[in-house]
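Have a look at the structure below, then the notes.
What follows draws every value from the coordinates through simple rules; no lab data is involved. Predicted, not measured: the structure shown is a model, and the values here were computed from it. For neighbour counting, all protein chains shown are included, and Cβ atoms are generated from backbone atoms with ideal geometry for every residue, glycine included.
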Amino acid sequence: MLRKASLFFLALATGFAVAACATTPPPAKFPDLTYSHLPSISLAGSSVQVDSRYRSPMTPPNVEHLIPTSPSKALNQWARDRLRAVGGDGVVRLMILDASVTETALPRDASFKGHFTKEQSERYDATIEAAVEIVDRNGVARANASARVKRSTTVREDASLNERDKVKFALVEALMLDFNAEIEKNIRQYLVNWLR
C-alpha cells in the first residue's frame, strides 16, 4: 500500500514538473542585424579592420552582453557590410569606443493607487561611439569621421523575459539606424579625399 502511494505521488510530481516545463515559452528568436541592403562605402585602403576599444564590464548596471544582438556585434556586422577598401596604402579602420547598454531600476509608486497600476520598472540606456579612420602604413591616423548616438527605452514591470529581450533588440536596432545615418554623413564630410 505504501509502495502504491509512493508511486502515485511520484507520478503526480512528475506530471506537475512536465506541465510546468510545457508552460515556459521558448526563448524568442531574433533576425540578424545586417546592412548589406545598403550601398557600400568605398574608401582608399588595402583592407578594412575593426578595433574594439570598448570592453564590457559584464556586471550591472551593464547588460549589453545579455542582449540578443549587442551593439558591438551589430557594429562589427555594419563594418563587414558597408565598408569597402578599394585599394591604397593605408587601412580603413572602424574603431569602437563605446557600445554599452545599462539598466536602471525606476522608482515605483508606493501609494495605494500604485498597487493597481502596471508601471515602467526599468530603463535601458544605450550608447554607440565609433570612428572610421584612414590609417597610413606607419599606423598613423590620417583622417577620421566619428559618430556618437544614444537612445533610451523603458519596460513595464509585468513584461516577460521574451518581451524584455524584444525591447532591448529593438533598442539596438534603432540605435544602429541612428549611427548609420550619422557616420555616413560624417564620412562624406570628413573623409571626402578618401572616398572612391
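Taking θ as phi - 60° and the Karplus parameters 6.51, -1.76 and 1.60, the scalar couplings of region 42-52 work out to 8, 10, 5, x, 8, 7, 10, 10, 10, 10, 8 Hz in sequence order, x denoting glycine and proline. For the pair GLN120 and THR34, a Förster radius of 30 Å applied to the C-beta separation gives a FRET efficiency near 0.45, rounded to the nearest 0.05.
Cα convex hull of region 92-196: mean projected area in nm², to one decimal? Walk me through the intermediate numbers first.
Values: hull surface 34.4 nm².
Its average projected convex-hull area is 8.6 nm².
Loop-located trypsin sites (Lys or Arg not before Pro) across region 77-109 with a Cβ neighbour count of 14 or fewer within 10 Å are ARG108, with loop assigned by DSSP. Normalised size of region 134-196, defined as Cα radius of gyration per 2.2 N^0.38 Å with N residues, equals 1.67. In this structure, the pairs whose alpha-carbon distance is over 24 Å, taken from LYS73/LYS166; LYS150/LYS185; LYS29/LYS118, are LYS29/LYS118.
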